[in-house]
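The values are calculated or read from the model by the stated rules, or taken from the named source; none is laboratory data. On a predicted model such as this, the values are computed, not experimentally measured, just so you know. For neighbour counting, all protein chains shown are included, and Cβ atoms are generated from backbone atoms with ideal geometry for every residue, glycine included. Heads up: the accessible areas ignore ligands, DNA and RNA and are worked out on the full protein's heavy atoms, side chains in. Shrake-Rupley method; radii C 1.70, N 1.55, O 1.52, S 1.80 Å.
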Amino acid sequence: MRETDKQIKCISKIKMFLLALMCAYVSKTLSGSFLNSILTQLERQFNLSTTLVGLINGSFEIGNLLLMVFVSYFGTKMHRPMLIAVGCMTMGIGCFLQSLPHFLMDPYEYETTVSKTSNSSSNDFLCMRKETQIFTPAEDPSECTNEVKSSMWLYVLVGNVIRGIGETPIKPLGISYIEDFAKTENSPLYIGCLETGAIIGPLIGFLLGSYCVKMYVDIGSVNTDDLTITPADTRWVGAWWLGLLVCAGVNVLSGVPFLFLPKSLPKVGLETNMSIIEEDERNETKAEKRDITIDFLPLMKSLFCNRIYVLFLVTSILQFNAFVIMFSFLPKYMEQQYGISASEAIFLMGIYNLPPVCFGYLAGGFIMKKFKINMKQAAYIAFCTSLLDYFLNMLCFLTVCDNSPVAGLTVSYEGTQQNVNMERNVLADCNIDCNCQDKIWDPVCGNNNLSYMSACLAGCEAYFGTGVNMGFQNCSCIKSSKNASASLGLCGSRPACSLMLQYFLILSALSSFIYSLAAIPGYMVFLRSLKPKEKALGVGLHMLCTRIFAGIPAPIYFGALIDYTCLHWGTLRCGKSGACRIYDSINFRTIYLGLSTILRGVGYVPAMIILFILRKQFQSAESNATVMETVVKRKEKEDKEINKRSVYLIENDIQTKF
């Protein structure tokens, strides 16, 4: 009876740990996905290039690197739940630090030619043909000094590094704890539950990001009725800081349950007296402290001599490069490719991509548990399903959408397509004498469905209305059968782009489900290729390498490639370049889809070698088993013959005697 009570108590504690770890997974992925969803907002708030935004994104991995190997190896010798609790609270501190620039900076000011105050009667943003002197904005030294405050993006970078440090112990120590104290056949299902938690977090994070981005960054301190931009505008900055405060609170709370969990548990199914375990731990503590580093180098050597582990590591690095690119820049890609707002892009990404991934993880874990898949079968399942997803994902190349028609950038003033790689000239005969600022991005949409960089460059001479409802008339550059008029903002995307967006989202949902279906079998191949003592260090080293060779460099080099496709950079008060306002969507699509396709394609080469090695190992094992079975049968046959002869000799002996 006591033994049964101990079993129930042990099972309940491992499930409590699993529930707490799921909450930690939710909180860490919530803050990570939220930061990914606001990258474009940070780019606009601090007037950064995509390369620097990629550095901010990769700084999380830098924080991981500082403690990854130390925590993965030495953490197993310490109180693992306590380390996870400290990590969760450290992540909360990092999120809070990231939100600080909003409270230390002046209100956000976007570039515009139109007066932002409703009581202003100035019309110097229109085509002023009578003027003879070209208008140039004054460079107030104090205003130029204020722009230096944009360096406060370093708070975001440092906060992300701290968040990465806090996240370090959660996965390697959490998984090793489950592997050590849960039933072996339950491990795939438990890991599937954890990966499901890692999907629920991003889903909440993207929904939170979509909500926050809809609100103006300085809401409560600025009269939003005076704004001349909408959430669909590339100059709009949402309330990114608000979500970071929410993430900070959630991360701190998720660490509390681990403070009440024990350092170790009896292995489920092999329960013994807990007092004996504690006594053994006390007896081994001194030896562990003396020998804590003695077996480190042998374990490292053992890992790198494991062919399956090394090949899986190479595959993971290549695949993770592609994943970081696809995941980090998907909202930006959808904004530029299909002409939707940042809030809508974040919302659609969360709704269409994350639920299929959640179902895929659960299905993969269930299949592994239900059919008791061995290592070879798991490898084949992971490879075939991942390859199917790869070919399905290539169909996204067909979901094309042309560049947004902007006079002087992507099309001529007559509306004909022009080569975006050639030198662009935003001035034309219709506006050459308007004395326009030719670098300020303040787009208007003409009633000929053609966008112009500003009302002045559209040749507009009159305006009506205020705020986002402002309109313009008598526009000489707009060739239309009706009155040549325009309204604030870029023209909306064409119906064909909306249809292509739907196709892209459907393909993305299917691809996400199939890809995640392969994740659990693939990860179990990785875990089962390791010896029990190697698991914690192997998982940590795997995370370390993927961060060094994928998590850190991928967003930086891909950000630089995206910057190469920029058609027009924003302009600050003092003439310096700000964030990019519009990209060449064709080149953007080629780089975004093409690079990830190449990286994933190369990653299948080491994966095929793993299949070959496992096939050879299992064939050898099967042949050895067959040989052993043959030897046993032959021995049994010989024993029968010996028994027969013995019986025959005994019978003859008896007959001789009698």
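Points to keep in mind about this one:
- Screening 591, 582, 586 for residues that are closer than 20 Å to residue 324 by Cα and of a type in the set (A, V, I, L, M, F, W, C) leaves exactly one candidate, 591.
- Residue tally, condition under 43 Å from the mean Cα position of the chain (by Cα), more than 23 Å from residue 567 (Cα to Cα) and of a type in the set (Phe, Trp, Tyr), over region 452-490: 1
- Scan of region 481-499 for residues that are modelled with pLDDT under 85 and under 18 Å from residue 454 (Cβ atoms), ordered by number: 484
Rundown of residues vs (1) surrounded by fewer than 14 Cβ atoms within 10 Å (Cβ to Cβ); (2) modelled with pLDDT under 90; (3) in the same structural domain as residue 251 (by the TED database); (4) among the aromatic types (Phe, Trp, Tyr), yes/no style:
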{"position": "1", "(1), (2), (3), (4)": "yes, yes, yes, no"}
{"position": "8", "(1), (2), (3), (4)": "yes, yes, yes, no"}
{"position": "12", "(1), (2), (3), (4)": "yes, yes, yes, no"}
{"position": "18", "(1), (2), (3), (4)": "no, yes, yes, no"}
{"position": "24", "(1), (2), (3), (4)": "no, no, yes, no"}
{"position": "28", "(1), (2), (3), (4)": "no, no, yes, no"}
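- Every listed requirement among (1) farther than 24 Å from residue 112 by Cα; (2) touching a helix residue (DSSP H, G or I) at 6+ places or on another chain (Cβ under 9 Å) is met by residue 496 save one, (2).
- Selection within region 545-586 - under 24 Å from the mean Cα position of the chain (by Cα), under 24 Å from residue 231 (Cβ atoms) and not in a helix (DSSP H, G or I): 565, 566, 579, 580, 581, 582, 583, 584
- The lone exception for residue 567 - which of (1) open to solvent by 30 Å² or more (accessible area, probe 1.4 Å); (2) in contact with a Phe, Trp or Tyr (Cβ under 7 Å, 6 or more places away or on another chain) it fails: (1)
- Checked against (1) of a type outside the set (D, E, K, R); (2) open to solvent by less than 40 Å² (accessible area, probe 1.4 Å); (3) under 25 Å from residue 400 (Cβ atoms), residue 590 passes all but a single condition, namely (2).
- Yes/no for residue 432 being open to solvent by 80 Å² or more (accessible area, probe 1.4 Å), assigned to a loop (DSSP other than H, G, I, E, B) and modelled with pLDDT of 85 or more: yes
- Matching option when the condition is in contact with a helix residue (DSSP H, G or I) (Cβ under 8 Å, 6 or more places away or on another chain) and modelled with pLDDT under 85, among 540, 522, 551: 540
- Taken over region 332-353, the residue count meeting the criterion of being in a helix (DSSP H, G or I), in contact with a Leu (Cβ under 9 Å, 6 or more places away or on another chain) and open to solvent by 10 Å² or more (accessible area, probe 1.4 Å) is 6.
- Considering (1) surrounded by fewer than 21 Cβ atoms within 10 Å (Cβ to Cβ); (2) modelled with pLDDT of 85 or more; (3) part of a helix (DSSP H, G or I), the lone condition that residue 468 does not fulfil carries the number (2).
- Matching option when the condition is closer than 26 Å to residue 565 by Cα and touching a residue at least 12 places away in the same chain (Cβ under 8 Å), among 318, 313, 362, 354: 318
Yes or no, residue by residue, for (1) within 30 Å of residue 432 (Cβ to Cβ); (2) of a type in the set (Val, Ile, Thr):
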{"residue": "480", "(1), (2)": "yes, no"}
{"residue": "491", "(1), (2)": "yes, no"}
{"residue": "506", "(1), (2)": "no, yes"}
{"residue": "511", "(1), (2)": "no, no"}
{"residue": "518", "(1), (2)": "no, no"}
{"residue": "525", "(1), (2)": "no, yes"}
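- Among (1) buried (at least 23 other Cβ atoms within 10 Å of the Cβ); (2) in a helix (DSSP H, G or I); (3) in contact with a Gly (Cβ under 8 Å, 6 or more places away or on another chain), the one test that residue 523 misses: (3)
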